[in-house]
Amino acid sequence: MQTSGSNAILSLRRFVLLARRQLSASAQSAFSGSQTNAQPIPPSPDKFGDKMRGWQLHNYGDIDELQLSEKVKIPQIRSSNECLVRIRTTAVNPIDLAMLRGYGAAVLNKMRCKPGDGIEFPLILGREFCGELVQTGMGVPSDSLPLGARVWGVVPLQAGVGAHAEYVAVPSYCLAPAPKELDDSEAASVLYAGLTAWSGLYITGGLGGPCGAATSSGGGAHKRVLVLGGSGGVGSLAIQILKSQKVQVLATCSENAVEMVRNLGADFVVDYNNSESMQELCKYAPYDIVLDCSGQGGQKAAESNFDFRQYITFSSPLLANIDKQGLGLGALQNVFDLVQTNVKSFSQRGGLVKWGFFSPAPQGIQFLQKLVEQRKLMPLIDSSYEFCDLPKAFEKMKGGHLRGKIVVKV
């Protein structure tokens, strides 16, 4: 005969057994649900070790300074807004060739190096990419940038590890989901040149008013813009950007690229080697903006045969003067150059010379993304190389006369 104490013990045991069964069933159900609803997470870089392949630069100089290493440390996420991307495709831009030779080192190294740390090398070049998002900081919203997403992005100029490697870490504002309308090579060919053109037109040039620079709204309808160098990476995208905003576009290029530039949408295209054709540009003057994508520089503005309100060049002496003369004297030289150039251009052509720069602005990325999705912008690809042949891509860039972008498959 069981006592009341033993009955209590049996009841307690039954209660514990029932609770365990319910907890087990609940846990199994929750696990099953999480397996169903969870997004696929790509393998962590740790599973591949902490090393990657990358083209390093140990000294400034020519293309032979590029060295392929298979023991480069994978970049670490060091702030809450950073993202780590496994690169599929990257590109070679004129700025990469310039930085290979030491352009901007005096300024960029001060931004790149930590206080008291004068270590400058090794560097990895590369300013744009398309790839797969593999890690994010705690402050990156998973709804807009989920792990495993195919993304396109740019690398700030001061970054010591660029996109000529298997992985790159960049701030989240430099990234966005890659448009499905573009393949990997095309997606790696838009943002650096596109943001350079967008920044020159909307930030420096004020096209579209204050909203044109501060938002992704664009603007500039019924303005008249002359694009110098319409067949290159920046020029070809600038033409498409302008035509999408109902701007009247004129362009210059070499004779064998005239038909291609016309197909981009330019209203009038001339061969810059033909003096008679160049003279016809005077009929359309004054231009609201002359966008120099051909590397002529601001000194050439006053020598033009046509009037303009703004002459915007991406070949400014800003960093080069500081490289040669140091920060103090270089800054004074920049002021002198800008004043001297503008006195000549304003007195002879009636307009001002301004310097345009690449800007990794998120509203600029959104603007370009909308144009791609609307099929109003498509990059031109000049040539494509395998990762192991990246120096050949630099040689191609060095040769000039490109018809679009040079891409590298990682």
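Points to keep in mind about this one:
- Just one of the numbered conditions (1) in the same structural domain as Ile239 (by TED's automatic domain parsing); (2) under 23 Å from Leu226 (Cα atoms); (3) out of contact with any Pro (no Cβ under 6 Å at 6 or more places or on another chain) is not true of Gln325: (2).
- Set side by side, the residues Leu371, Leu390, Leu380 differ, and just one is buried (at least 18 other Cβ atoms within 10 Å of the Cβ), touching a helix residue (DSSP H, G or I) at 6+ places or on another chain (Cβ under 9 Å) and at pLDDT 95 or above, which is Leu371.
- For the stretch 366-392, a tally of residues being part of a strand (DSSP E or B) and farther than 26 Å from Gly218 by Cβ returns 5.
- Qualifying positions in the stretch 393-410 - surrounded by fewer than 16 Cβ atoms within 10 Å (Cβ to Cβ) and part of a loop (DSSP other than H, G, I, E, B): Gly400, His401
- Residue list for the stretch 277-295, filter: surrounded by fewer than 19 Cβ atoms within 10 Å (Cβ to Cβ) and closer than 23 Å to Leu157 by Cβ: Gly295
- The stretch 141-158, subset without any contact (Cβ under 8 Å) to a residue 40 or more places away in the chain, surrounded by fewer than 13 Cβ atoms within 10 Å (Cβ to Cβ) and small (Gly, Ala, Ser), residue farthest from Arg127 (Cα to Cα): Ser142
- Residues (under 22 Å from Ser315 (Cα atoms), in a loop (DSSP other than H, G, I, E, B) and free of Cβ contacts under 8 Å to residues at least 60 places away in the same chain) located in the stretch 229-282: Tyr272, Asn273
- Selection count where residues are assigned to a loop (DSSP other than H, G, I, E, B) and in contact (Cβ under 8 Å) with a residue 24 or more places away in the chain, scope the stretch 119-140: 9
The values are calculated or read from the model by the stated rules, or taken from the named source; none is laboratory data. Keep in mind that what you see is a predicted model, and the values were worked out from it rather than measured. Using ideal geometry, Cβ is built from the backbone for each residue, glycine included, and neighbour counts are taken over all protein chains shown.
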